[in-house]
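The values are calculated or read from the model by the stated rules, or taken from the named source; none is laboratory data. These figures come from a predicted structure and were not determined experimentally. With ideal geometry, Cβ positions are generated from the backbone for all residues, glycine too; neighbour counts draw on all protein chains shown. Accessible surface is based on the protein model in full, side chains and every heavy atom, while ligands, DNA and RNA are left aside. Shrake-Rupley method; radii C 1.70, N 1.55, O 1.52, S 1.80 Å.
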Amino acid sequence: MRLTIENSYDIYLEPPDIKLMYKKLKMDPNNDGIVVPEEMSASGITPHTIEDYLNKYVEKLPEKRSRFSEQVWLFPDKVKDHTFEDIQHRISKLTHLPQFLVKKSHFQIVHYGKSGHYNAHHDSYEISKTSLPTPCCIDGFRKSCRICRFMTILFYLNEVEEGGGTAFPVANKNTAGDDTKFIVDGGLNLQVNCNKSSLVVEPKQGKVVMWYNHKLDYNTGWVGQLDWKTWHGGCGVKRGEKWIANFWILYSDNKDKHLKH
């Protein structure tokens, strides 16, 4: 049930939450902790019933969602501001990438309050292996496109009183690509399992963390497959608040077109 709710509703419940739902909806008449289709049918429970319950539940407990934060977007090629342009220049120097590539990227400011967090996720999508791959969204947000972020640069903008680290749950682990076990074991839920992560970067004002979301394709000299080990997210803020900025270097499937100035 937990995995079904996570996959279908992007809501992350713990065992006591699920037991409470069973009790409130009378889904488990024999109280054995297992709900079978016959029990749901007999009690008149439908997917809509569960969805309605979950929506009301997370209204009271929004930290049960995979992401509990506020964010705003800025676009380097559309914003004229001295401070913002200075940040772009510094990113260009840090990454050794030309300014025109930096300007094609996206910038996001994020605020986390008490219990604010973001469960484990990847910043980019896997490259499609089909003959007609879904195009990258580099030319703007479209319905039929995929997120293509070659590099993530994360800025910490304030001192957090307690909590709020950036977790990399599978960093340096040798079970690369074994997403199934990681997800089944609850590894995505950083609000609960942050301390089990292989690496947690503590938030300090002025600190910057940078990583590549994809491996290099040595045959093409361009962006390769998604790096599975870049699962990451924001641990829960226990005291105070947290401000960060994300800068994503985007890429296109068309190398020559993307690098054309």
Looking only at the range 64-76, which residues are in a loop (DSSP other than H, G, I, E, B) and more than 13 Å from Lys104 (Cα to Cα)? Ser66, Ser69
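Results for (1) over 24 Å from Phe150 (Cα atoms); (2) part of a helix (DSSP H, G or I), shown as yes or no for each residue.
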| site | (1), (2) |
| --- | --- |
| Glu6 | yes, yes |
| Lys24 | yes, yes |
| Asp28 | yes, no |
| Met40 | yes, yes |
| Lys78 | no, no |
| Glu85 | no, yes |
| Leu101 | no, yes |
| Lys104 | no, no |
Just one of the numbered conditions (1) over 22 Å from Asp179 (Cα atoms); (2) open to solvent by less than 90 Å² (accessible area, probe 1.4 Å) is not true of Asp10; which one? (1)
Within the range 208-224, the residues that are open to solvent by 70 Å² or more (accessible area, probe 1.4 Å), farther than 19 Å from Lys104 by Cβ and not aliphatic (A, V, I, L, M) are Lys215, Tyr218, Asn219, Thr220
Scan the range 241-261 for residues that are crowded, with 17+ Cβ neighbours inside 10 Å and in a loop (DSSP other than H, G, I, E, B) and jot them down. Tyr251, Ser252, Asp253
I'm trying to understand the selection: among the residues of the range 18-40, which are crowded, with 17+ Cβ neighbours inside 10 Å and either more than 18 Å from Asp52 (Cβ to Cβ) or out of contact with any Lys or Arg (no Cβ under 7 Å at 6 or more places or on another chain) (or both)? Met21, Tyr22, Leu25, Met27, Asp28, Val35, Glu39, Met40
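Would you be able to say whether some residue in the range 66-80 is touching a residue at least 12 places away in the same chain (Cβ under 8 Å), open to solvent by less than 40 Å² (accessible area, probe 1.4 Å) and among the small types (Gly, Ala, Ser)? Write out each step before concluding.
So the first thing to find is which residues in the range 66-80 are touching a residue at least 12 places away in the same chain (Cβ under 8 Å), and the list is 66-77.
Then keep just the ones that are open to solvent by less than 40 Å² (accessible area, probe 1.4 Å); that gives 66, 69, 76.
Of the ones still in play, those that are also among the small types (Gly, Ala, Ser) are 66, 69.
Taking every residue of the range 66-80 in turn, at least one turns out to be touching a residue at least 12 places away in the same chain (Cβ under 8 Å), open to solvent by less than 40 Å² (accessible area, probe 1.4 Å) and among the small types (Gly, Ala, Ser).
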Identify, please: which residue in the range 225-261 is at pLDDT 90 or above and of a type in the set (S, T, N, Q) and is, among those, nearest to Ile109 (Cα to Cα)? Asn246
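Could you check, for the range 172-189, whether at least one of its residues is in a strand (DSSP E or B) and under 23 Å from Ser66 (Cα atoms)?
No, the range 172-189 contains no residue that is in a strand (DSSP E or B) and under 23 Å from Ser66 (Cα atoms).
Could you list all residues from the range 156-177 that are at pLDDT below 90 and under 18 Å from the mean Cα position of the chain (by Cα)?
As a first pass, look at the range 156-177 and keep what is at pLDDT below 90: 172-177.
Selection gives Gly177 alone.
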